[in-house]
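Participant: Dumping the structure here so I can ask a few things about it.
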Amino acid sequence: MRLRACHPDPLHPVASPVAHTFAGFWTFLLFTARFKGRLVTACRQYLPQLLLLVLLANLADIDFFSGFHRSFTHSLLAAVFIPLAVSCVWRIAGSYWQSAALYFLAYSSHLLIDFFTGTKLGWNSTASGIPLLWPWAKEFGSPVILIVGVKHKDFPALFSVENLHSSLYELLVFGVFTVALVLLWTRFKRVSLQLGPQSNERIP
Ligand SMILES: [Zn+2]
């Protein structure tokens with residue numbers, strides 16, 4: 001864990017929407033764990049739910065537009081409050097608490113990814129840090145960096161070759177992990193179909 005003053009700094013890299021979108025999709029795989037059909041069918045049938053989970057996984061970066069990137073939205077308080085609020089409006093998993101838990105996973109996946117984001121891979125002190133315990137200004141970042149974030153100093157920097165490399169790295173790492181999860185998901189379907197083919201195809 002590192003301590004750093006909680007000021008917005010455009011030079012601190014952040015994980016791109018590529019990583020967060022994949023993480024949102026992982027929570028969708030969890031949501032459709034009881035769905036008995038194919039994954040493509042699940043994506044089609046539950047597209048609004050998929051979009052909501054992906055949106056929640058990216059939502060914390062909405063503070064990027066406020067000029068105070070990595071503020072309240074990157075805190076545990078937001079990770080609890082926002083899922084509870086969304087669950088009041090739409091319960092995709094049947095009950096209030098089941099839906100809130102799913103929303104929490106989608107939202108907090110963002111914090112987890114940002115926690116492991118820095119400028120250099122490996123064991124070092126380059127983590128960007130997030131104010132997990134906001135309003136306490138202390139920022140937390142992992143001493144092990146797994147994701148090299150994209151730089152967002154200005155608009156041209158967003159489209160730099162450096163950022164292209166970071167995004168491709170995320171695409172590769174998160175893509176491979178997603179393929180592994182999809183294979184697991186498919187295998188789980190086969191086993192559950194053998195155990196109970198009479199089960200309902202719909203998620204409550
Ligand atoms: Zn973020």
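The values are calculated or read from the model by the stated rules, or taken from the named source; none is laboratory data. Nothing here was measured: the structure is a model prediction, and the numbers come from that model. Note that each Cβ is placed from the backbone with ideal geometry, even for glycine, and that neighbours are counted across all protein chains shown.
Participant: When only residues in the stretch 63-84 that are among the small types (G, A, S) and closer than 21 Å to F25 by Cα count, which is surrounded by the fewest Cβ atoms within 10 Å (Cβ to Cβ)? Talk me through it step by step, then tell me what you get.
Facilitator: Here is the first cut: in the stretch 63-84, the ones among the small types (G, A, S) are 66-67, 71, 75, 78-79.
Remaining after also requiring closer than 21 Å to F25 by Cα: 78-79.
On the way: A78: 21, A79: 23.
In this case the residue turns out to be A78.
Participant: Also: Among the residues of the stretch 167-193, which ones are polar (S, T, N, Q) and farther than 15 Å from T21 by Cβ?
Facilitator: Those that are polar (S, T, N, Q) and farther than 15 Å from T21 by Cβ: T186, S192.
Participant: Let me ask another. Any residue in the stretch 171-183 that is farther than 29 Å from T126 by Cα, at pLDDT 90 or above and in contact with a Leu (Cβ under 9 Å, 6 or more places away or on another chain)?
Facilitator: yes
Participant: On to the next question. Any idea which residue in the stretch 98-140 is surrounded by the most Cβ atoms within 10 Å (Cβ to Cβ), counting only those that are small (G, A, S) and within 12 Å of the ligand (Cβ to nearest atom)?
Facilitator: Checked the stretch 98-140; the qualifying residue surrounded by the most Cβ atoms within 10 Å (Cβ to Cβ) is S128.
Participant: Kindly list the number of the only condition in (1) outside any helix (DSSP H, G or I); (2) of a type in the set (A, V, I, L, M, F, W, C); (3) within 16 Å of the ligand (Cβ to nearest atom) that fails for F64.
Facilitator: If we test F64 against (1) outside any helix (DSSP H, G or I); (2) of a type in the set (A, V, I, L, M, F, W, C); (3) within 16 Å of the ligand (Cβ to nearest atom), just (1) comes out false.
Participant: Of the residues S87, S75, which single one is at negative phi, within 16 Å of the ligand (Cβ to nearest atom) and either modelled with pLDDT under 95 or of a type in the set (S, T, Y) (or both)?
Facilitator: Going through S87, S75 in turn, the sole match is S75.
Participant: Looking at (1) more than 22 Å from F177 (Cα to Cα); (2) touching a Pro at 6+ places or on another chain (Cβ under 7 Å); (3) at pLDDT 95 or above; (4) not charged (D, E, K, R), find the lone condition where F104 falls short.
Facilitator: Result: F104 fails condition (1) only.
Participant: Shifting gears a bit: Do we have any residue at all in the stretch 18-40 that's touching a strand residue (DSSP E or B) at 6+ places or on another chain (Cβ under 6 Å) and modelled with pLDDT under 90?
Facilitator: Checked against the condition, which is being touching a strand residue (DSSP E or B) at 6+ places or on another chain (Cβ under 6 Å) and modelled with pLDDT under 90, the stretch 18-40 yields no hits at all.
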